[in-house]
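The values are calculated or read from the model by the stated rules, or taken from the named source; none is laboratory data. The model shown is predicted, which means the values in this text are computed figures rather than measured ones. Here the Cβ is made from the backbone with ideal geometry for all residues, glycine too, and neighbour counts use every protein chain on show. Each accessible area value is taken on the protein alone, full model and side chains, heavy atoms only, with ligands, DNA and RNA left out. Shrake-Rupley method; radii C 1.70, N 1.55, O 1.52, S 1.80 Å.
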Amino acid sequence: MHETRHLTRRGLLKAAGAVGAAAGAAGTVVGVTAPSAAAAGGAFAHPGLLHTRTDLDRMAAKVKAGAAPYTAGFAKLTANRHAQSGWRANPQATVYRGAGSPQNYAVLYNDIHAAYQNALRHHVSGESAHADTAVAILNAWSAKLTSIAGSADRFLAAGLYGYQFANAAELVRDRPDFDLAGAKKVLREVFSPLGESFLTQHNGAVITNYWPNWDLTAMACVLAAGIFCDDRDKVDRVVEYFKNGAGLGSVKNAIPVVHEDGLAEWLEAGRDQGHALLGVGLMGTVCEMAWNQGIDLYGHDDSRFLKGAQYVAKWSLGGTVPYTVNTRRKGAVGGWSGSETAGAAAAVDPGMTRPIWAMIANHYTRRRGLSATYLTRIAAKAAPEGGGGDYGPNSGGYDQLGFGTLAYTRDKAADPTAAPTPAATAATAKTSTSGSGTRPQSAASPSPATGSGSGHDLAATGSSDLLGWSAAAGVTAVAGGLLLLRRRDRARRESS
């Protein structure tokens, strides 16, 4: 059996028969094409990671006009302690996570979130003090950080904080006092190498040893670094890995089974809710950054990510979802080995939330005009979304940059089939790389491990974060306005 996915024979047959069979629940927009990774051509557009110039201008205009739900989203931002211009950085030469001394990775993620939140606040309000604060934080870290160390968790630290650092830096890259060269250097020499190493070596483990979110953190980091540094090779490698990678983070391995009702199993649902939410948020982050450079990963393989996100949304809302028994190999290459079986979707707490849904729901329902009932419901429940510092004190609450209600809410395209595709926006992007141009855009536990292997688990991590996930489970955002959906005609859907 192929090493990257060890499903029961029944599960494999089920997957083969169901793939692409259910456009009904996910929907299909005729005329919206998926360009290749090379469609963007030339230099990358800046700003062009999670937010484009058009996005930033929209946020500012909507808040100035007092439009809902943007004002509620902006209120969440201004209330966050990280978004204050008095924040002062505490840079470290070496950041440790999982092992080593001191375990100081919280200093890094708190500072990065402060930089991002201040930069975003500046773009919306125009207050220069917030841009000054963001620049000062990022410059301080670029000047001092030389390495990320620790246990296997060092790969998580590099991946998570690397993509976040790049996104914060992207928002101030045109400021004259920002050390652009220093930011590129720390992304190329500190963050990205660990991500690239993980995607090729997987820390010396068999490739299924690590759950999908491990790959996805690395993918988000390398993609963000590639775009920020105008390094097309990095971008192309991530796009290829997303589509065809052997690890569990590629889209077909993270979402291995598509059902006839249009929902698709998220592999990590067999682990626990917190890590499944992390994986969905990271895959959405990868898709959004790629989209803003003219690469449609959201729509890849008949919008497979939509089907997986809908599955996790339904499950997280307390709905019943199927799960195909999955057994994955664990261990080190040439060393100890074993296996672990997940036989059902884990139990969930419907009160647990993360700021991941607005971005995904708005893409599929507003940009693309698709019906996504569960995404719509869970995005409304989570609104207005906050950011780092709003979802508990531990690292799990800082895995996403957040503020999606403010950043990603958008008007529905009048005619989704005629909306500009990523390729069209990329063609415009070629002419503007300075950031000044406007781009048109429309816990039930798995079964005990089996096998005779012994030794430590190379991926034994995140246990300290389970407290953070649990503590944040009761932190529920006030529900905002419902996202409007265009429901497709049922008869047409059933005949498709």
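Which residue out of Leu199, Leu277 is under 22 Å from Asp153 (Cβ atoms) and open to solvent by 10 Å² or more (accessible area, probe 1.4 Å)?
Exactly one residue qualifies, and that residue is Leu199.
May I ask you to list the residues in the stretch 59-77 that are over 21 Å from the mean Cα position of the chain (by Cα), open to solvent by 40 Å² or more (accessible area, probe 1.4 Å), of a type outside the set (A, V, I, L, M) and under 28 Å from Ala290 (Cα atoms)?
Lys62, Thr71
Tell me the residue from Arg188, Arg175 that is over 21 Å from Arg97 (Cα atoms) and open to solvent by 10 Å² or more (accessible area, probe 1.4 Å), please.
Of Arg188, Arg175, the one residue that is over 21 Å from Arg97 (Cα atoms) and open to solvent by 10 Å² or more (accessible area, probe 1.4 Å) is Arg175.
Failed condition for Thr365, given (1) over 30 Å from Gly204 (Cα atoms); (2) open to solvent by 40 Å² or more (accessible area, probe 1.4 Å), with all others met?
(2)
Grab the helices (runs of 4 or more DSSP H) fully contained in the stretch 253-369, keeping just those with 3 or more residues being touching a strand residue (DSSP E or B) at 6+ places or on another chain (Cβ under 8 Å).
300-316
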